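K.L.:
Here it is: the structure, laid out below.
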Amino acid sequence: MIKKVYDVKKSKEIIILKLGGGLITDKNKPFSLREEVIENSVHQIIRSKKKVIVIHGGGSFGHPTAQEYQINKGKDPSIANQIYGLTKTHDVMVKLNSIIIEKFLKQNVASLSIQTSSIFVKDSSKDLFSCNFEPIIRCLSLGIIPVIYGDIVFDLQGDFSILSGDKIILLLCQYLKEFFISKVIFAVEVEGIFIYNKDMDIIELAEEIKCSKLDSLPLANLDKKIDVTGGIKGKLDNIHSICKLGIPVQLINGKDEEKIYKCLINKEVKGTSITI
Ligand code: IP8
């Protein structure tokens with residue numbers, strides 16, 4: 001009996017992998033790409049043969065555009081060309097997304113762009129999102145790798161905002177009940193989460209963090225790059241909520257040749273593990 005439950009879990013197992021925007025682009029230079037990092041990440045995902053949902057961030061594409069038109073402020077007629085900027089923000093994300101999709105297709109692997117702003121709708125009056133998960137479920141069932149991205153999102157109250165890749169992951173973890181999400185991996189441009197060790201007066205990599213300790217971390221990597229979705233603090237809030245659902249989270253350096261692959265196949269890698 002127990003074995004049967006385990007098998008069902010195994011056969012429906014998926015891993016969510018986020019390719020951070022700061023990993024696949026250089027956030028210091030608008031519209032700059034790290035093509036070789038994208039190619040290598042895609043190669044590792046394919047090599048792992050795991051069922052994966054890929055999410056990617058906005059990096060030097062989405063964030064500067066969203067910031068220019070202050071999309072996160074919501075609808076504000078005093079902001080010049082804001083509605084145009086809303087569509088422009090979506091468009092640059094589509095362009096970044098299609099670059100990733102092409103890398104999969106070039107290696108003869110089926111992957112499909114899932115348009116975030118078409119499947120998610122926000123209702124700010126209830127602080128809720130509704131989502132049509134069906135395209136994601138169909139992709140996974142057919143062996144297609146769905147690739148989803150941080151994007152603009154419409155609001156039932158007539159407004160709009162930005163839905164970050166991290167929040168998409170949380171929503172999938174909360175509501176995608178058809179699959180067993182065994183872990184969430186954040187591939188970023190650094191080794192993981194760095195903290196300040198007061199006793200030794202040094203900054204060090206936090207290799208293991210208990211979920212309950214996430215709120216009180218003496219964070220050291222508070223970078224100042226453009227980020228309209230909350231930077232490292234926003235990320236930790238989402239990670240905290242994901243862990244509270246009982247899903248382990250790992251942060252690894254996606255620039256490394258093999259870390260994404262190793263992490264996907266559950267080999268030990270240096271990085272930050274958030275334990276439940
Ligand atoms: O980089 C933001 O997604 P994130 C997407 O995952 C946009 O926070 C459009 C800025």
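The values are calculated or read from the model by the stated rules, or taken from the named source; none is laboratory data. Just so it is clear, the model here is predicted, and its values are computed rather than measured. All Cβ positions, glycine included, derive from the backbone under ideal geometry; neighbour counts span all protein chains shown. The area values use the complete protein model at the heavy-atom level, side chains included, leaving out ligands, DNA and RNA. Shrake-Rupley method; radii C 1.70, N 1.55, O 1.52, S 1.80 Å.
K.L.:
Residue 102 versus residue 178, label points 7 Å from Cα toward the beta carbon: distance in nm?
P.N.:
3.0 nm
K.L.:
Using the alpha-carbon centroid of each, what span in Å lies between the range 150-213 and the range 65-91?
P.N.:
25 Å
K.L.:
Could you pull out every residue, at least 5 positions away or on a different chain, whose amide H is within less than 5 Å of the one on residue 129? Hs are placed 1.01 Å off N in the peptide plane, and Pro or chain starts have none.
P.N.:
Here the answer is 123, since their amide H atoms fall under 5 Å of that of residue 129.
K.L.:
Report the calculated FRET efficiency for residue 91 and residue 142 (r = Cβ-Cβ distance, R0 = 41 Å), to the nearest 0.05. Mind showing how you got there, number by number?
P.N.:
Values: r = 28 Å, r/R0 = 0.67.
The calculated FRET efficiency here is 0.90.
K.L.:
For an R0 of 22 angstrom, estimate the FRET efficiency from the Cβ-Cβ distance between residue 80 and residue 155 and round to the nearest 0.05. Don't jump to the answer; show the numbers that get you there.
P.N.:
Working: r = 21 Å, r/R0 = 0.96.
Once the sixth-power term is evaluated, E becomes 0.55.
K.L.:
On average, how much accessible surface per residue is there in the range 102-198, in Å², for a 1.4 Å probe, leaving out ligands, DNA and RNA?
P.N.:
Per residue, the range 102-198 has 44 Å² of solvent-accessible surface.
K.L.:
Let me ask something additional. Hey, any idea what Rg/Rh is for the chain, computing Rh the Kirkwood way over Cα pairs? Please report the intermediate quantities before stating the final value.
P.N.:
On the way: Rg = 18.3 Å, Rh = 19.2 Å.
Using Cα coordinates only, the ratio equals 0.96.
K.L.:
Please find the FRET efficiency linking residue 115 to residue 275, where r is the Cβ-Cβ separation and R0 is fixed at 30 Å, and quote it to the nearest 0.05. Show your work: numbers first, answer last.
P.N.:
Details: r = 34 Å, r/R0 = 1.14.
The value I calculate is 0.30.
K.L.:
Still on this model: Run the quick spin-label model on residue 128 and residue 199: label points 7 Å from Cα toward the beta carbon, then report their separation in nm to one decimal.
P.N.:
For the pair residue 128/residue 199, the computed spacing is 4.8 nm.
K.L.:
When the accessible area of the chain is computed with all protein chains present and a 1.4 Å probe, what percentage of it is carbon and sulfur? Kindly include the intermediate steps, with their values, before the conclusion.
P.N.:
Working: 7230 of 13610 Å².
Carbon with sulfur: 53 percent of the solvent-accessible area.
K.L.:
Also, quick follow-up: Nothing charged except the Cβ atoms of Lys and Arg (+1) and of Asp and Glu (-1): what's the magnitude of the dipole of the chain about its Cα centre? Round to the nearest 20 debye. Numbers along the way, then the final one.
P.N.:
Values: 38 positive and 33 negative charges, 186 e Å.
Dipole about the Cα centre, nearest 20: 900 debye.
K.L.:
Tell me which cysteines of the chain come out unpaired when the rule is another cysteine's Cβ under 4.7 Å.
P.N.:
Cys with no partner Cβ under 4.7 Å: 131, 139, 173, 263.
K.L.:
Run the numbers on the chain and let me know its relative contact order in percent, using alpha-carbon pairs under 8 Å that are six or more apart. List each step's numbers first, then the result.
P.N.:
Working: 530 pairs, mean separation 61.4, N = 276.
Once divided by the residue count of the chain, the mean separation gives 22 percent.
K.L.:
Considering the range 18-126, what Rg and Dmax in Å follow from its alpha-carbon atoms?
P.N.:
Final numbers for Rg and Dmax: 15.6, 50 Å.
K.L.:
Could you work out [θ]222 nm for the chain from helices alone, using -39500 (n - 2.57) per DSSP H run of at least four and dividing by all its residues? Round to the nearest 500 deg cm²/dmol. If you can, show how the numbers build up before the last one.
P.N.:
Numbers: 10 runs with 106 residues, N = 276.
The per-residue figure over the chain is -11500 deg cm²/dmol.
K.L.:
Right, next: Could you work out which residue, out of 182, 124, 161, moves most in a Gaussian network model of the chain, that is, has the largest mean-square fluctuation with Cα springs under 10 Å?
P.N.:
124
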